[in-house]
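**Q** One structure follows; several queries about it will come next.
The values are calculated or read from the model by the stated rules, or taken from the named source; none is laboratory data. Nothing here was measured: the structure is a model prediction, and the numbers come from that model. Cβ atoms come from the backbone with ideal geometry, glycine included; neighbour counts cover every protein chain shown. Areas reflect the complete protein model, heavy atoms only, side chains present, ligands, DNA and RNA absent. Shrake-Rupley method; radii C 1.70, N 1.55, O 1.52, S 1.80 Å.
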Amino acid sequence: MASTPPNPASPSDPELDDPLADPDIPLGVRVTRQGATGPAGQPGTIRVVALEGDKCHEIEGPTALAELPNLIGKPKASIWVDVIAPTPEQAREVGDALGLHELIVEDILEGNQRAKIEATDGVVHLVLFHLSYGEQVVASEADIVLGKGFLLTVHNSDWDPRTGHHLAGGLAPILKHGPDHLLWAIADDLIDGYFPFADRIGDAIDDVQDQVIRKATPDTVEQLFKLKRELIQVRRAISPVREVFNQLTNRDEALISADEIVYFRDIYDHVIRLTDELDNYRELASSTLDVYLTQVNNNLSVIMKRLTGVTVILAGVGAVAGIFGMSEAGAALNGGEANGFWLVTSIVLAIAVVAAVVLRRIDWI
């Protein structure tokens with residue numbers, strides 16, 4: 001592989017970016033997954049970009065597929081084959097043109113893979129996921145195959161790798177350092193795209209915690225359960241990526257030059273930080289649920305305490321009223337029924353008021 005330039009400061013580095021740059025990321029919705037192939041009967045797009053000197057030559061459509069075997073056969077080839085939402089037939093044709101093992105093509109067509117890395121017949125096959133944000137969060141599978149002199153990417157139409165910051169300046173500066181450098185550029189953009197979503201989930205958990213502390217309501221706990229479900233689903237798509245780049249940085253792979261390893265280690269560091277954040281958020285969500293249950297129990301204890309205080313007051317009044325109601329208590333202590341009634345009533349009410357004041361001071365009512 002060609003020599004690699006110093007690693008530039010990534011503008012999408014999570015330490016430099018505003019994590020809330022996209023305020024429209026929805027929360028509390030189910031994260032759905034979709035494969036890289038397109039709808040049945042609708043042909044996808046095949047684009048081939050070949051480096052010729054210091055410039056890139058791009059071919060698209062059936063012509064690109066026809067010329068692909070000749071381009072791959074050139075010495076020191078540096079080619080990017082980008083396949084967007086292909087049909088099964090297109091995927092097989094591209095696989096045959098690149099000489100890929102049938103199992104790789106089968107994995108691409110299956111569209112229900114977990115993030116993984118496999119080395120088969122002299123190529124490296126990676127499965128990663130791109131998160132897109134709309135009315136719901138969609139984790140789209142992206143199959144990436146690194147071979148001698150080429151990089152194949154198969155993905156759905158909701159993601160365009162050319163929009164990433166590494167490729168925004170053109171393909172030639174990336175491709176001239178080899179397909180392995182292009183692999184780093186695409187993978188780095190994918191991983192950096194996870195951080196805004198993780199940070200938004202963290203902010204949402206903080207908001208739910210504040211709501212639980214202020215007032216524990218069923219709506220709050222419902223939102224908390226939605227966040228926990230979302231965390232589980234996103235972590236299911238992201239956590240295997242850690243092992244992918246762990247193997248990529250520690251495995252002796254002839255298709256990746258030694259100079260490129262430091263780039264992939266940088267991605268690995270980002271993935272470690274991301275999975276650690278997701279684990280922390282999951283623990284925060286669980287602890288928030290414990291706080292909610294504690295708040296509910298505390299509120300119940302307060303209610304029972306106040307009911308006990310009211311019962312103490314009413315029980316005393318009821319006891320005295322019962323005694324005098326049944327026996328007249330010596331004609332109301334020989335004061336006559338009318339005057340005695342009001343005398344006893346006043347004494348009972350005074351005692352009730354004193355009890356209420358005492359219970360109020362000790363915060364029982």
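**Q** Does at least one position in the range 118-129 carry a residue that is over 21 Å from ILE174 (Cα atoms) and of a type in the set (Phe, Trp, Tyr)?
**A** Checked against the condition, which is being over 21 Å from ILE174 (Cα atoms) and of a type in the set (Phe, Trp, Tyr), the range 118-129 yields at least one hit.
**Q** Of the residues ASP189, ASP259, which single one is more than 16 Å from the chain's Cα centre (by Cα) and closer than 19 Å to PHE129 by Cα?
**A** Of ASP189, ASP259, the one residue that is more than 16 Å from the chain's Cα centre (by Cα) and closer than 19 Å to PHE129 by Cα is ASP189.
**Q** Report yes if VAL138 is of a type in the set (Val, Ile, Thr), open to solvent by 10 Å² or more (accessible area, probe 1.4 Å) and over 18 Å from the mean Cα position of the chain (by Cα), otherwise no.
**A** For VAL138, the condition - of a type in the set (Val, Ile, Thr), open to solvent by 10 Å² or more (accessible area, probe 1.4 Å) and over 18 Å from the mean Cα position of the chain (by Cα) - is not met.
**Q** With the requirement that a residue be over 30 Å from LEU126 (Cα atoms) and crowded, with 19+ Cβ neighbours inside 10 Å, what does the range 224-248 give you?
**A** LEU224
**Q** Which residues, taken from the range 46-72, are under 17 Å from LEU171 (Cα atoms), in contact with a helix residue (DSSP H, G or I) (Cβ under 8 Å, 6 or more places away or on another chain) and either basic (Lys, Arg) or free of Cβ contacts under 8 Å to residues at least 40 places away in the same chain (or both)?
**A** ARG47, VAL48, ALA50, LYS55, ILE59
Okay, residues lined up against (1) within 15 Å of the chain's Cα centre (by Cα); (2) outside any helix (DSSP H, G or I); (3) not small (Gly, Ala, Ser):
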{"site": "ARG265", "(1), (2), (3)": "no, no, yes"}
{"site": "ASP279", "(1), (2), (3)": "yes, no, yes"}
{"site": "ARG282", "(1), (2), (3)": "yes, no, yes"}
{"site": "ALA285", "(1), (2), (3)": "yes, no, no"}
{"site": "LEU289", "(1), (2), (3)": "no, no, yes"}
{"site": "LEU300", "(1), (2), (3)": "no, no, yes"}
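**Q** A further question on this structure: Would you check if there is a residue in the range 110-123 being in a helix (DSSP H, G or I), open to solvent by 20 Å² or more (accessible area, probe 1.4 Å) and among the charged types (D, E, K, R)?
**A** Within the range 110-123, one or more residues are in a helix (DSSP H, G or I), open to solvent by 20 Å² or more (accessible area, probe 1.4 Å) and among the charged types (D, E, K, R).
**Q** Let me ask something else about it. Considering the range 181-231 alone, what residues qualify as being of a type in the set (Gly, Ala, Ser) and over 18 Å from ARG282 (Cβ atoms)?
**A** Scanning the range 181-231 gives ALA185, ALA187, GLY193, ALA216.
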